[in-house]
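This report refers to the structure that appears directly beneath it.
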Amino acid sequence: MGGPSVLRLVWIYPDLLSTYGDRGNLLILARRAQQRGIPVELTEIRSDQPVPQSADIYLIGGGEDGPQALAAQRLRADTGLHRAVGQGSVIFAVCAGYQLLGTSFFAKGTQCTGLELLDLYSDRGPSRAVGELAGDIDPRLGVPPLSGFENHGGRTHLGNGVSPLARVTAGVGNDGASEGAWRGNILGTYAHGPALARNPALADLLLRWAIGAASLPPLNDLWADRLRAERMAAIRT
Ligand code: GLN
């Protein structure tokens with residue numbers, strides 16, 4: 001396996017975007033890397049700190065409207081994340097974190113400028129989307145169906161410069177038809193849960209992007225498989 005000798009993971013703005021348990025994604029990535037013998041370095045960057053541009057994977061979680069708008073403002077001013085993307089770093093963003101990667105989103109009735117890292121924008125939907133979220137992931141990513149939990153008022157519209165992450169089979173996602181988006185090494189989703197605990201293959205995809213590996217040694221995913229089966233069964237009942 002090539003790639004970095006230490007995998008540097010950065011959790012962006014735990015003081016603003018940590019209301020939905022998405023920090024679990026950081027723990028899952030760290031654990032799955034360590035189980036493959038890859039040492040990890042975890043850094044939590046609060047919103048009054050500069051974003052380092054040299055990390056391998058950046059994670060951004062969900063949040064309420066106010067903190068989401070503030071996070072977008074600070075990340076735009078900081079530019080560290082933009083420079084990291086320019087160097088090929090991986091970004092995994094959830095819900096508010098996903099919306100703020102686009103060109104604009106609505107928070108507390110006001111249109112806010114996003115980071116313009118993904119060709120998409122978000123507006124408000126007719127009602128809040130809350131509940132199980134599932135979908136068939138873009139076959140090019142080679143990952144089994146997405147399983148997650150969504151809780152958002154926004155709806156997201158994708159431009160031509162980005163691909164949907166999945167085709168919705170339960171829940172709303174972006175707009176009731178597609179869910180999430182990806183381009184290059186940037187991937188966004190509405191799935192909480194946290195998403196990577198419920199979708200270990202997605203975690204491994206991000207790790208493979210970060211270390212430039214075509215595959216990783218398999219792990220025992222018994223508990224994740226049970227959780228996925230239970231949630232998929234809950235959707236059917
Ligand atoms: N505030 C955003 C919305 O409601 C994102 C919410 C979230 O991150 N769960 O659409």
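The values are calculated or read from the model by the stated rules, or taken from the named source; none is laboratory data. Quick caveat, the model's predicted, so the values are computed rather than measured. Counting neighbours? That spans all protein chains shown, and the Cβs are built from the backbone with ideal geometry, glycine included.
Observations, loosely collected:
- Residue count for region 14-40, restricted to those that are among the hydroxyl-bearing types (Ser, Thr, Tyr) and under 14 Å from the mean Cα position of the chain (by Cα): 2
- Total residues in region 87-117 satisfying the condition of being in contact with a Ser or Thr (Cβ under 8 Å, 6 or more places away or on another chain) and β-branched (Val, Ile, Thr): the figure is 3.
- Scanning region 1-30 for residues that are among the charged types (D, E, K, R), under 16 Å from Phe92 (Cα atoms) and surrounded by fewer than 22 Cβ atoms within 10 Å (Cβ to Cβ) yields Arg8, Arg23.
- Residues in region 183-204 that are assigned to a strand (DSSP E or B), surrounded by fewer than 23 Cβ atoms within 10 Å (Cβ to Cβ) and not basic (Lys, Arg): Ile186 alone.
- Residue ID - surrounded by the most Cβ atoms within 10 Å (Cβ to Cβ), chosen from residues in region 104-122 that are part of a loop (DSSP other than H, G, I, E, B) and of a type outside the set (D, E, K, R): Leu118
- Which numbered condition Cys112 fails, given (1) in contact (Cβ under 8 Å) with a residue 40 or more places away in the chain; (2) away from the ligand (no atom under 12 Å from the Cβ): (2)
- Pairs linking a residue in region 83-107 that is within 18 Å of Tyr20 (Cβ to Cβ) to a residue that is surrounded by 24 or more Cβ atoms within 10 Å (Cβ to Cβ) and acidic (Asp, Glu), with Cβ atoms under 7 Å and 6 or more positions apart or on different chains, are Val94/Asp22.
- Among the candidates Thr43, Thr79, the residue that is more than 17 Å from Ala191 (Cα to Cα) and within 18 Å of the chain's Cα centre (by Cα) is uniquely Thr43.
- Contact map, region 184-212: residues that are touching a residue at least 24 places away in the same chain (Cβ under 8 Å) paired with residues that are assigned to a helix (DSSP H, G or I) and of a type in the set (Ser, Thr, Tyr), Cβ distance under 9 Å, separation 6+ or inter-chain. Pairs shown: Leu187/Tyr98; Gly188/Tyr98; Thr189/Tyr98; Tyr190/Tyr98.
- Only one entry of Leu101, Leu81 meets the criterion of being surrounded by 20 or more Cβ atoms within 10 Å (Cβ to Cβ) and touching a helix residue (DSSP H, G or I) at 6+ places or on another chain (Cβ under 7 Å), and that entry is Leu81.
- Extreme residue, surrounded by the fewest Cβ atoms within 10 Å (Cβ to Cβ), among residues of region 123-138 that are free of Cβ contacts under 8 Å to residues at least 60 places away in the same chain and within 12 Å of the ligand (Cβ to nearest atom): Ser127
- Condition check for Trp182: more than 16 Å from the ligand (Cβ to nearest atom), among the aromatic types (Phe, Trp, Tyr), within 13 Å of the chain's Cα centre (by Cα) and at pLDDT 95 or above: yes
- Residue, modelled with the highest pLDDT, within region 1-38, restricted to residues that are in a loop (DSSP other than H, G, I, E, B) and among the basic types (Lys, Arg): Arg36
- Residues of region 28-58 classified as over 18 Å from Tyr98 (Cβ atoms) and touching a residue at least 40 places away in the same chain (Cβ under 8 Å), total: 9
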